[in-house]
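*Asks:* Input: one structure, supplied below.
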Amino acid sequence: MNDFLQTVDWSRAQFALTAAYHWFFVPLTLGLGVMCAIMETLYVRTGSDFWKRTVRFWMRLFGINFAVGVATGLILEFEFGTNWSNYSHFVGDIFGAPLAVEGIMAFFLESTFVAVMFFGWDKVSKRFHLAATWLTAIGANLSALWILVANAWMQHPVGCTFNVHTMRNEMTSFSEVLFSPAAMTKFFHTVTSAFVLAAVFVAGVSAWYLLRSRERRMARSSMTIAAVFGLVSSVAAAFTGDLSGGVMARTQPMKLAAVEALYDGSEGAPLVVAGIFKPESERDGGEAFRFKIEIPKMLSVMSFHDADAYVAGINDLLHGNPGRDMLSVEQKMERGRVVIEQLARLREAKKCYDADTVSQVEALFDPSTPEGAEFLREYFAYFGYGYLRAPEQAVPPVPLLFWSFRVMVGAGCLFLLLFALLCWQAYRNRLYVRNSRWLFHACIWSIPLAYISSQAGWIVAEVGRQPWVIQDLMPVDAAISQLPSASVKTTFFIFLLLFTALFIAEIRIMLRQIAIGPESPGELRRNTKAAKKQKR
């Protein structure tokens, strides 16, 4: 048992490590690809070599980041089969579908046109090259769509039913999986947040050039595009974040309660802006803060768009609230164990060729009969709780989620202000060092903050649904492969060394390319002539 628990912990750590490193590269790819396409559109419309130099520079940084992101993403998908085989067996028919579409549609799209994007300059027509750049950017974002659809289904499983004959969950409606509120809000919020990070990156690098009086025209033009792109994306990210909060309140109330450190639910629940946590030993399931700053009724407004709406707290969800028709986790665990017992009974009956018992149990899982529909609604809905060892497992780590959420939101507000100031300075034609030195320094220091806030958002999304791999249907303990913990531990440290080396290498290459800067006009002309000669 101890080795099994170590396998669970090390498998979780390995997947978290891979996801964290992968997510370091993905947001910049999603946003910078679109910005490169915008800049190349300006080049095609104006015919100016200035815009060609500019887009080729940013495209070079995009390519470095894109290559490393693909390497970490492929490893993530393989880990589902190696470390999480029970999960893959139970829901592979559903989870695998969007990933297959991502591979067939999106990944092939971007991997095909990315070659034209990098190596097709002056070898294909301007418009064809522009189309390739846009299709690469669209393909990258379509990849994000299908991956986030799969992830959102884990957060809120819909469009599926349990097949008692195969012991698997099977898809009944692809459109429900694709267009569920959880999927749509997750996709738009994640993508717009990635656009914000890319805009911060471009603005920060441009500010570095301006502070050193290098490539001033390129830097001011890039910063202007980043400011407008970032401002629009920041507003969109705030709007989609509000929608995501409403979906979370309805589908994952425990996550919301943990994010807000709300132990006792109430009508007109306040939103805690910041606070000082009590030690765990002093809480005793009650008030979490020694001191807090809060906005009255704001949590109810943000969650349900109703100032007097009831927001459930951790204690309501953990111990139950009969007045609000909320079951306790213990009651859900009992119902989940009933399902597990019935499935064990079915397996035993099949071994003994007991046809009567097989028919009785299979009838319980038949949604077309009143008895089966009721059993699925009242018992199978809590199937995963039967695998929990204690009710307290259902509560995710509160302080980590509380502060991660506030880092994400606080950084988003700062970026909105930063882009608004940059747009104002660009509008007044004052993007010069003598007017905006402090603002340029703020742009540079915003780059690490953008990455930190991006990782914080992913922590809220993924750690917040613990202990579930699939919300309410499968906890982490039940999803794991039967592997010795030593094997998982060994691969964890191999991946740690590999990803860290890739991470350091990418940063060094990016910094070197930024220091080199864009091609000079003479280099651009020579490269253009060489490409045209090869074409002939």
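The values are calculated or read from the model by the stated rules, or taken from the named source; none is laboratory data. Since this is a predicted model, take the numbers as computed values, not measurements. Here the Cβ is made from the backbone with ideal geometry for all residues, glycine too, and neighbour counts use every protein chain on show. Heavy atoms of the whole protein, side chains included, go into the accessibility calculation; ligands, DNA and RNA do not. Shrake-Rupley method; radii C 1.70, N 1.55, O 1.52, S 1.80 Å.
*Asks:* Can you bin region 317-384 into rounded, prolate or oblate? Criterion: square roots of the alpha carbon gyration tensor eigenvalues sorted a ≥ b ≥ c, rounded for a/c under 1.5, prolate for a/b above b/c, oblate for the rest.
*Replies:* Oblate is the answer for region 317-384, as a/c is 1.5 or above yet b/c matches or exceeds a/b.
*Asks:* Is the shape of region 112-243 best called rounded, prolate or oblate, per the rule: a/c under 1.5 gives rounded, else a/b larger than b/c gives prolate, else oblate, with a ≥ b ≥ c the square roots of the Cα gyration tensor eigenvalues? All intermediate terms of the calculation are to be shown ahead of the outcome.
*Replies:* Details: a/c = 3.70, a/b = 1.83, b/c = 2.03.
Judged from the Cα gyration tensor, region 112-243 comes out oblate (a/c at least 1.5, b/c at or above a/b).
*Asks:* So what does log10 I(q)/I(0) come out to for region 1-74 at q = 0.18, 0.23, 0.24 Å⁻¹, using the Debye formula with one equal point on every Cα and no solvent?
*Replies:* Relative scattering, expressed as log10 I(q)/I(0), comes to -0.74, -0.93, -0.97.
*Asks:* Would you pull out the residues with amide H under 5 Å of PHE289's amide H, same chain only if 5 or more places away, H placed 1.01 Å from N?
*Replies:* Amide H neighbours of PHE289: LYS278.
*Asks:* Scan around MET326 for amide H atoms under 5 Å from its own, H built in the peptide plane at 1.01 Å from N, and keep only partners 5 or more places away or cross-chain.
*Replies:* Amide H neighbours of MET326: ASN321.
*Asks:* Under DSSP H, which helices of the chain have Cα atoms covering 15 Å or more of the helix axis and a Kyte-Doolittle average no less than 0.0?
*Replies:* 2-46, 49-82, 85-101, 108-119, 126-155, 181-211, 216-251, 398-427, 433-463, 485-516
*Asks:* While we're looking at this one, here's another question. Using a Förster radius of 51 Å, what is the FRET efficiency between ILE509 and MET326 based on their Cβ-Cβ separation? Nearest 0.05, please.
*Replies:* 0.45
*Asks:* Can you give me the accessible area per residue for the chain, using a 1.4 Å probe, in Å²?
*Replies:* Accessible area per residue: 45 Å².
*Asks:* Report, in debye and to the nearest 20, how large the dipole of region 1-160 comes out about its Cα centre when Lys and Arg carry +1 and Asp and Glu carry -1 on their Cβ.
*Replies:* Details: 9 positive and 10 negative charges, 189 e Å.
In total the dipole reaches around 900 debye.
*Asks:* Order 334-343, 117-126, 7-16 from most to least packed using the mean count of other Cβ atoms within 10 Å.
*Replies:* Packing proxy ranking, top to bottom: 7-16, 334-343, 117-126.
*Asks:* P(r) of region 236-340 in 5 Å steps, Cα pairs, percent per bin?
*Replies:* Here the calculated profile for region 236-340 is 3, 12, 19, 23, 18, 13, 7, 3, 1, 0.
*Asks:* I've got another one for you. Which is farthest toward the positive dipole end of the chain among ALA394, ASN151, LEU211, measuring Cα position about the Cα centre, with Cβ charges +1 (Lys, Arg) and -1 (Asp, Glu)?
*Replies:* About the Cα centre, the residue reaching furthest to the positive side is LEU211.
*Asks:* Just want the answer: with Cβ charges of +1 for Lys and Arg and -1 for Asp and Glu, which residue in HIS441, THR136, PHE188 is farthest toward the dipole's positive end in the chain?
*Replies:* HIS441
*Asks:* How large is the dipole of the chain about the Cα centre if only Lys and Arg carry +1 and Asp and Glu carry -1, each at its Cβ, rounded to the nearest 20 debye?
*Replies:* Once rounded to the nearest 20, the dipole reads 4400 debye.
*Asks:* Next question, about the same structure. Could you list the square roots of 5 times each eigenvalue of the Cα gyration tensor of region 170-263, that is, the equivalent ellipsoid semi-axes, sorted largest first and rounded to whole Å?
*Replies:* 37, 17, 9
*Asks:* Which value does Rg/Rh take for the chain over its C-alpha atoms, Rh per Kirkwood?
*Replies:* Checking Rg against Rh, the ratio lands at 1.02.
*Asks:* On to the next question. Given the alpha-carbon gyration tensor of region 50-122, what are the semi-axes of its equivalent ellipsoid in whole angstrom, ordered largest first, with each equal to the square root of 5 times an eigenvalue?
*Replies:* Values: eigenvalues 236, 35, 12 Å².
For region 50-122, the semi-axes come out at 34, 13, 8 Å.
*Asks:* Give me the aspartates and glutamates in straight-line cross-link reach of LYS489: C-alpha distance below 13 Å, same-chain residues under 8 apart excluded.
*Replies:* Result set, ordered by chain and number: ASP3, ASP9.
*Asks:* Follow-up. Would you mind checking the pairs LYS255/LYS278; LYS255/LYS297; LYS52/LYS123; LYS255/LYS332; LYS186/LYS292 and listing those with alpha carbons more than 26 angstrom apart?
*Replies:* LYS186/LYS292
*Asks:* Continuing with the same structure: Quick one: which residues, 5 or more positions from THR172 or on another chain, have an amide H under 5 Å from its amide H? H modelled 1.01 Å from N in the peptide plane, none for Pro or chain starts.
*Replies:* CYS160, THR161
*Asks:* Which value in nm describes the separation of the simple spin-label points at SER85 and GLU362, placed 7 Å from the Cα toward the beta carbon?
*Replies:* 2.8
*Asks:* Among 305-312, 218-225, how do they line up from the highest to the lowest mean number of other beta-carbon atoms within 10 Å? Present the calculation step by step, with values, prior to reporting the outcome.
*Replies:* Working: 305-312: 15.9, 218-225: 21.8.
The most tightly packed comes first, giving 218-225, 305-312.
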